[in-house]
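K.L.:
This is the structure I want to talk about, given as structure tokens.
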Amino acid sequence: MSTALDTARHDSTLTELERANIELVLMFRAASSLEERRQYTVPGFKPTRIGMANLFETKPPNVPGYSAESIPDRQEEFLDIIVRGNRVWASWLVRGTHLGPLLGIAPSGRQVEVLEVGQWRIQNGLIAEAWFFVDELALLRQIGQWPVTS
């Protein structure tokens with residue numbers, strides 16, 4: 001468990017609802033598929049913004065997007081997590097190896113480590129809204145799709 005998660009989970013100022021909201025978000029993040037994530041969301045849930053929104057806009061039509069095979073050894077390390085009532089905000093590092101297709105980009109076999117941030121709104125114990133932002137430029141540089149400048 002990351003230090004940030006440990007700190008958040010043991011914050012004596014949090015209410016039981018806020019603690020439950022952190023755990024809900026963590027279960028959502030840990031789910032291995034979109035189907036599994038549905039148990040943590042309201043019916044019809046769709047993120048307001050996906051993490052790689054800009055890359056999704058540039059991918060060719062009929063090309064798969066991101067899947068568990070894109071970075072099969074994906075690990076997340078939470079850097080910070082904040083909860084206030086029905087809102088949760090977090091930042092984390094995504095680490096792994098680019099071994100599968102990613103938005104039309106062939107596997108590079110390269111290691112990646114990119115920052116992602118997210119925020120969630122909880123409603124009646126389920127995620128009702130979510131926004132995600134990935135450092136897409138860092139990802140492209142790390143998989144050899146954008147020049148690295150010195």
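The values are calculated or read from the model by the stated rules, or taken from the named source; none is laboratory data. Please read all numbers here as calculations on a predicted model, not as lab measurements. Here the Cβ is made from the backbone with ideal geometry for all residues, glycine too, and neighbour counts use every protein chain on show.
K.L.:
Mind listing whichever residues of segment 62-105 are over 15 Å from the mean Cα position of the chain (by Cα), over 18 Å from Trp146 (Cα atoms) and β-branched (Val, Ile, Thr)?
P.N.:
Val63, Ile82, Val83
Table: residues versus (1) assigned to a helix (DSSP H, G or I); (2) more than 18 Å from the chain's Cα centre (by Cα); (3) surrounded by 14 or more Cβ atoms within 10 Å (Cβ to Cβ).
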position: Thr13; (1), (2), (3): no, yes, no
position: Glu23; (1), (2), (3): yes, no, no
position: Arg29; (1), (2), (3): yes, no, yes
position: Glu35; (1), (2), (3): yes, no, no
position: Gln39; (1), (2), (3): yes, no, no
position: Leu55; (1), (2), (3): yes, no, yes
position: Pro60; (1), (2), (3): no, yes, no
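K.L.:
Okay, moving on. List the residue pairs whose Cβ atoms are under 6 Å apart, where the first residue sits in segment 102-121 and is touching a residue at least 12 places away in the same chain (Cβ under 8 Å), the second is charged (D, E, K, R), and the two are 6 or more positions apart or on different chains.
P.N.:
Leu103/Lys59; Gly104/Lys59; Glu113/Arg95; Val114/Asp135; Leu115/Asp135; Arg121/Arg87; Arg121/Glu129
K.L.:
Assess whether Gly96 counts as being out of contact with any Phe, Trp or Tyr (no Cβ under 7 Å at 6 or more places or on another chain) and in a loop (DSSP other than H, G, I, E, B). Please lay out each step first, then the result.
P.N.:
Details: out of contact with any Phe, Trp or Tyr (no Cβ under 7 Å at 6 or more places or on another chain): yes; in a loop (DSSP other than H, G, I, E, B): no.
Answer is no for this residue.
K.L.:
Can you tell me which residue is nearest to Ala128 (Cα to Cα) among those in segment 22-68 that are of a type in the set (A, V, I, L, M) and at pLDDT 90 or above?
P.N.:
Of all residues in segment 22-68, those of a type in the set (A, V, I, L, M) come to 22, 24-27, 30-31, 34, 42, 50, 52-53, 55, 63, 68.
Of the ones still in play, those that are also at pLDDT 90 or above are 22, 24-27, 30-31, 42.
Working: Ile22: 14, Leu24: 12, Val25: 11, Leu26: 15, Met27: 15, Ala30: 17, Ala31: 16, Val42: 5 Å.
Out of the qualifying residues, it is Val42.
K.L.:
Gly51 versus (1) small (Gly, Ala, Ser); (2) crowded, with 17+ Cβ neighbours inside 10 Å; (3) within 22 Å of Asn124 (Cα to Cα): which is the lone unmet condition?
P.N.:
Of (1) small (Gly, Ala, Ser); (2) crowded, with 17+ Cβ neighbours inside 10 Å; (3) within 22 Å of Asn124 (Cα to Cα), only one is false for Gly51: (3).
K.L.:
If you check every pair at least six apart or on different chains, which have Cβ atoms under 7 Å apart with a residue in segment 71-84 that is farther than 29 Å from Ala106 by Cα and part of a strand (DSSP E or B) first and a residue that is among the hydroxyl-bearing types (Ser, Thr, Tyr) and modelled with pLDDT of 95 or more second?
P.N.:
Leu79/Ser91; Asp80/Ser91
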